[in-house]
Amino acid sequence: LWSIGRKDLDLKNISKVNRAQVFGDVASNPSRQQVVDMIDDLLCFEEKSEVTVLDVGCHVGGMLAAIGRTFPGKVNRWGFDPEDSAIQQGAERHPHLTLRCGTAKDAQDGAFILPTFVDVLVANGVFSVIDVAAAEDLLTLAAAKARRIVIADDILNMDGPYPVFRDFGKYVLHPFRTMLAQHGFAIESVSPAILPSRSITGILVARNMRDR
């Protein structure tokens, strides 16, 4: 596997992006289009007539709506986000998506219904803004439902032994390799972000080793 590090990134030009840029329409950030393309590449090898994608922290659903456009009628798109106003906007903009308001913990507690199984669970710019407990909740949900997880985030601490906190604890750099392994996932690929930001430095794809 390719291992990402600071030497691989143009940190002088790393950009600060707001929530709208990270979670809005794909056109606002090339790294989001990169995530969409990677997921579409995964889906194109699926022989099933229908596949399901779950976007955790989907905001208004801009990226989710772009996934699978090259496979009309094949992709069921689900997403959830804790911000109620974003979910309402998303429902208006993208009525073909199934969007829910809440967190991974809410989903586990039965606050809203999700598919029993998803082919790809995607978390774009989510992990760095949630604490360790919430990250564990998200990975527990992924382990129970997802064949693969795609994480676009600040992955510079991917191989670290423990979480690293920056900006006075506002952001968390999680040790993804260890965390994923603890939940039954093995990393298949790691790619640097086309346009690295403080939210997203790379994209990793991991497979659920419990999948049959």
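Of all the residues that make up the stretch 180-197, how many are within 16 Å of VAL122 (Cα to Cα) and either of a type in the set (S, T, N, Q) or in a helix (DSSP H, G or I) (or both)?
The qualifying residues number 3.
Quick one: in the stretch 120-150, which of the residues that are of a type in the set (S, T, N, Q) and part of a helix (DSSP H, G or I) is least open to solvent (accessible area, probe 1.4 Å)?
Ranking the candidates gives SER128 first.
Name the pairs: first residue in the stretch 159-184 and among the acidic types (Asp, Glu), second residue open to solvent by less than 20 Å² (accessible area, probe 1.4 Å), Cβ to Cβ under 8 Å, at least 6 apart or on different chains?
These pairs meet every condition: ASP159/PRO175.
Filter the stretch 59-75 down to the residues that are closer than 18 Å to ASN124 by Cα and either of a type in the set (A, V, I, L, M) or open to solvent by 40 Å² or more (accessible area, probe 1.4 Å) (or both) and list them by number.
VAL60, MET63, LEU64, ALA65, ALA66, ILE67
Look through the stretch 151-191, keep the residues that are of a type in the set (Val, Ile, Thr) and buried (at least 16 other Cβ atoms within 10 Å of the Cβ), and return whichever of them is nearest to VAL36 (Cα to Cα).
Filtering first and then ranking leaves ILE151.
Given the options PHE71, PHE117, name the one that is within 19 Å of the chain's Cα centre (by Cα) and among the aromatic types (Phe, Trp, Tyr).
PHE117
Starting from the stretch 104-126, take each residue that is closer than 10 Å to TRP78 by Cα and of a type in the set (A, V, I, L, M, F, W, C) and list its partners that are open to solvent by 20 Å² or more (accessible area, probe 1.4 Å) and part of a loop (DSSP other than H, G, I, E, B), counting only C-beta distances under 7 angstrom and pairs at least six apart or across chains.
none
The values are calculated or read from the model by the stated rules, or taken from the named source; none is laboratory data. All values reported here derive from a predicted model rather than from experimental measurement. Because the Cβ atoms are built from the backbone with ideal geometry, glycine has one as well, and the counts that use them run over all protein chains shown. Surface areas here come from the heavy atoms of the whole protein model, side chains and all, with no ligands, DNA or RNA. Shrake-Rupley method; radii C 1.70, N 1.55, O 1.52, S 1.80 Å.
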